[in-house]
1. Across the range 82-99, what is the number of residues that are more than 12 Å from the chain's Cα centre (by Cα) and basic (Lys, Arg)?
2. List, please: which pairs have Cβ atoms under 7 Å, are six or more places apart or on different chains, and start with a residue in the range 196-220 that is loosely packed, with under 15 Cβ neighbours inside 10 Å and end with one that is part of a strand (DSSP E or B) and of a type in the set (S, T, N, Q)?
3. Out of everything in the range 139-164 that is polar (S, T, N, Q) and within 16 Å of Val75 (Cα to Cα), what residue ends up being surrounded by the most Cβ atoms within 10 Å (Cβ to Cβ)?
4. Do we have Ser189 as more than 16 Å from ligand 3 (Cβ to nearest atom), under 17 Å from Lys13 (Cβ atoms) and either β-branched (Val, Ile, Thr) or at pLDDT below 95 (or both) here?
5. Mind listing whichever residues of the range 106-124 are in contact with a helix residue (DSSP H, G or I) (Cβ under 9 Å, 6 or more places away or on another chain), of a type outside the set (D, E, K, R) and surrounded by fewer than 20 Cβ atoms within 10 Å (Cβ to Cβ)?
6. Checking the conditions here, which among Gly46, Gly9 is outside the structural domain of Leu120 (by TED's automatic domain parsing), closer than 30 Å to Ser141 by Cα and either modelled with pLDDT of 95 or more or of a type in the set (Phe, Trp, Tyr) (or both)?
7. Only one residue in Pro90, Pro125, Pro65, Pro43 is farther than 26 Å from Ala16 by Cα, away from ligand 1 (no atom under 16 Å from the Cβ), of a type outside the set (D, E, K, R) and not in a strand (DSSP E or B), so which one is that?
8. Out of Glu203, Glu153, report the one residue that is touching a strand residue (DSSP E or B) at 6+ places or on another chain (Cβ under 7 Å), more than 9 Å from ligand 2 (Cβ to nearest atom) and at pLDDT 90 or above.
Amino acid sequence: MTASVEQQGVIVKALAGFYYVAVEDEILECRARGKFRKTGECPLVGDRVVVLREGEKGTVQQILPRKNAFLRPAVANIDVLVILASRAIPVTEPFLIDRMTVLALRQGVTPVICVNKTDLASPEPLAKLYGPAGFPVVCTSAETGEGISELWELLAGKTVAFTGNSGVGKSAILHRLCPELSLQIGEVSQKLGRGRHTTRHVERFSLGEGTYVVDTPGFASLELELAEPVPKQDLAELFPEFRPYLGQCRFLDCTHRREPDCGVLAALAAGEIPAARHQSYLRLYEAAEQYKPWEK
Ligand SMILES: Nc1nc2c(ncn2[C@@H]2O[C@H](COP(=O)(O)OP(=O)(O)OP(=O)(O)O)[C@@H](O)[C@H]2O)c(=O)[nH]1
Ligand SMILES: [Mg+2]
Ligand SMILES: [Zn+2]
């Protein structure tokens, strides 16, 4: 009979019901304890966990307190969320970026906007939208290597997750950051302009010097509709370029949609806030209003 021991580690990969946990110098294949199913708790890549080890296998016993947690992409305890976008195929809808920045900021995670495929299309429209809004923006090409060292500087020493629609180049950029990694990089269907969901699981890679990057599967727009929205009253604060105007509304409970003497609407009219960003705000506000958790 093998003796069982409790150890602490970090989940580095989740795949087909197994969790791969880095304990000391090795990776232990684990199942989750049955009680997680009952409590609705879900172990995530990046979670610090207690495992019960029995020989070569283990069981995830307990999830240690989290700094933050995301369901899509399914990661925990990150410092930076790199939102990868592209203006070539597939074209990223700015709303996707806006939604991810809101989710990141809400949990105290720094969003970095990375506009990839600069060899195929100018990143400028997106850079102009997000730079002035107060986000770090970096323009890259996994093809030519443009912007990779700039991106590296934003990530060094941090735990980072990559997200973005399928085919924008998350795995390709990660491969550029660390060519030794063996990653599957997909093809983009020319006809559909969509990626093919090449990456199918969440996995954390160590790039050395205390830098960790999590590659995640790209999402489809449909999944956004199912996700739990941010409460409507919290939204305006999560648009950084709205903040200077939030104290300037006539009504304390102004929702910045159509009220008279609204500081945000005045800034919008003056061109200080881009129309696209305000439209995303309205769309997220509406989604929050219509969300009925009991219907999910
Ligand atoms: N021309 C060009 N092609 C790129 C660039 N980045 C990625 N690609 C190509 O785009 C396709 C998709 O890249 P992936 O890295 O697999 O995309 P992904 O975001 O990981 O996609 P999923 O894993 O499906 O979410 C591949 O054929 C890449 O070679 C780039 O900067 N320029
Ligand atoms: Mg991928
Ligand atoms: Zn207002």
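1. 1
2. Arg196/Ser189
3. Checking each candidate, the answer is Thr163.
4. For Ser189, the condition - more than 16 Å from ligand 3 (Cβ to nearest atom), under 17 Å from Lys13 (Cβ atoms) and either β-branched (Val, Ile, Thr) or at pLDDT below 95 (or both) - is not met.
5. Thr110
6. Of the residues listed, the single one that is outside the structural domain of Leu120 (by TED's automatic domain parsing), closer than 30 Å to Ser141 by Cα and either modelled with pLDDT of 95 or more or of a type in the set (Phe, Trp, Tyr) (or both) is Gly46.
7. Every option except Pro125 fails the conditions.
8. It is Glu203.
The values are calculated or read from the model by the stated rules, or taken from the named source; none is laboratory data. Just so you know, these numbers come straight off a predicted model, no measurement behind them. Here Cβ is always computed from backbone atoms with ideal geometry, including for glycine, and neighbour counts include all displayed protein chains.
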